[in-house]
Ligand SMILES: Nc1ncnc2c1ncn2[C@@H]1O[C@H](COP(=O)(O)OP(=O)(O)OP(=O)(O)O)[C@@H](O)[C@H]1O
Ligand SMILES: [Mg+2]
């Protein structure tokens, strides 16, 4: 393994020009934390002062950070956001399953499976080549307009379907990268024990593959959590749409800020968790390989 | 006429343009131990993978108990149930305990009840002195223990032909003996085996027949005494001389 500087040491003090540093002592660590804290506070104070004292601030505050507007719009935005969350949960669950199936199909070997494999590849390539928003418009407006008997016409249904299809294509590629990262001997060993291709994938390859791609899956999760808002183009009253309606009525944009805050409330913790998990995972792998 | 346990007839295999096996003929009798020796790239691993149907052959026939298993329409999974193979490394499934590694195939392929499969596995582990590793994950085992578990796993489906592909070459020297002893024990039990190995001392000791592979051809074969003491081919002599010079014989 190549030598790597542990992340924790980077902020510990200057070592660029001096001799190699002695192991960091406790007071030194406390001092570093104090410096980091003090400089952060200083930075925030200066930045706030610069913003609040600028000539534009009163207008900005009136348009975006108006407390009475906030109180007025928040209940609607919140109920819209509740719809966002439900859409997100339903879509994510289906995506995680559907994309795994697609990735497994794409990983089947042998000429007999060529048609299935080809279908999976075509699906992935086509869908990944189309902007999500276009797919939402296409399905959400297009299919209900056909008025096919027995086919759902709800905008919500088709909006979600478009999101699911689009994200499944991306996520399938994530899974596939994971499947390919598992050593070939594992597949051979499984097959030599008499397991079928499907059994080998399911019991042996996929569990290892998933473990390898959890960070990438978490990133996809963060991204979907925001992208559910795109269904607003179909007139679905989720959080951003509610803010939009309010802004059109009052020419005040505080509703957008309210929606943004709600999205941040979910996505920041998830992003932090993804980071934490990725780092822990990497450190564990390093400790195993050394 | 008694049929051989395993017979290769005119087996050829190429990867892209590279001819890896050329008209290989080999007969392995019941309870016979055949060692494959030869320099790196001579086709030993490929030959074992072909026998296990992990790699399709281009031409020729592979007879198992007289039936051609390389013929089209043969159910490869059924064939594989009758033989076990152990590779150089990465045999065990890292996300499963030793017990789960061993019981996976009996349970999923042979439909054995979990309780029964686990009992058999525990008995096998006890027989090879690995009782205390039942619930460990592979990365907590030494390399030698991992390979022994891999052998046990292959035995759990009761094959009557075992294939070994340099199962000791990734091991620290002090761990080699414990794995080779397992193979010796199998020989004493009458297991038919084809073993690719770089351990010449072991081959001389355990083999009934030694095959020297050179560029995909079985250049010479015979009892170990003959191959190691008076090889008739110049290439075999060179190969053995290199091994002797390296202090491995
Ligand atoms: N899947 C593959 N695709 C292409 N070429 C391959 C493949 N597997 C093996 N080969 C080639 O076939 C030749 C024989 O390989 P093989 O692994 O059978 O040799 P070997 O005798 O087992 O060597 P070693 O002692 O190093 O294990 C090598 O030149 C190798 O590069
Ligand atoms: Mg080899």
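Every read-out reported here was derived from the displayed coordinates using simple, explicitly stated rules and does not represent laboratory data. In this text the structure is predicted, and so the values were computed from the model without any measurement. Using ideal geometry, Cβ is built from the backbone for each residue, glycine included, and neighbour counts are taken over all protein chains shown.
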- Could you let me know the centre-to-centre spacing of the stretch A:67-81 and the stretch B:166-215, using Cα atoms, in angstrom? 75 Å
- Highest to lowest packing among B:128-134, B:162-168, A:239-245, scored as the average C-beta count within 10 Å: B:162-168, A:239-245, B:128-134
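Run through the DSSP bridge list for the protein assembly as shown and note the antiparallel percent, rounded to the nearest 5. Provide the component values of the computation, followed by the final result.
Working: 19 of 36 bridges.
Looking only at bridges with both residues in the protein assembly as shown, the antiparallel portion is about 55 percent.
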- Report the normalised scattering of the protein assembly as shown as log10 I(q)/I(0) at q = 0.11 Å⁻¹, calculated by the Debye formula with identical scatterers on the alpha carbons. -1.06
- Inter-centroid distance (Cα atoms) of the stretch A:121-195 relative to the stretch B:85-121, Å: 34 Å
- Message: Within 10 Å of each Cβ in A:190-203, how many Cβ atoms from other chains are there, averaged over the peptide?
- Response: 6
- For chain B, just the Cα atoms, rotate onto the principal axes and tell me the three extents in Å, largest first. 54, 46, 39
- Computed [θ] at 222 nm, deg cm²/dmol, the protein assembly as shown (DSSP H ≥ 4; -39,500 (n - 2.57); rounded to nearest 500): -18000 deg cm²/dmol
- Pick out which of A:194, A:150, A:178 has the largest mean-square fluctuation in a Gaussian network model of chain A, springs linking Cα atoms closer than 10 Å. A:150
- Message: Just to confirm my numbers, what's the Cα centroid distance between the stretch B:1-79 and the stretch A:85-117 in Å?
- Response: 36 Å
- Obtain the nm distance between the two label points defined at residue B:10 and residue A:196 by a simple spin-label model: each point lies 7 Å from its Cα along the Cα-to-C-beta direction. 3.5 nm
- Extension length gain for residue B:189 and residue B:59 (0.36 nm per residue less Cα distance), in nm, is 43.4 nm
- Task: Compute the relative contact order of the stretch B:112-249 as a whole-number percentage, counting only Cα pairs closer than 8 Å that sit 6 or more residues apart in sequence.
- Result: 16 percent
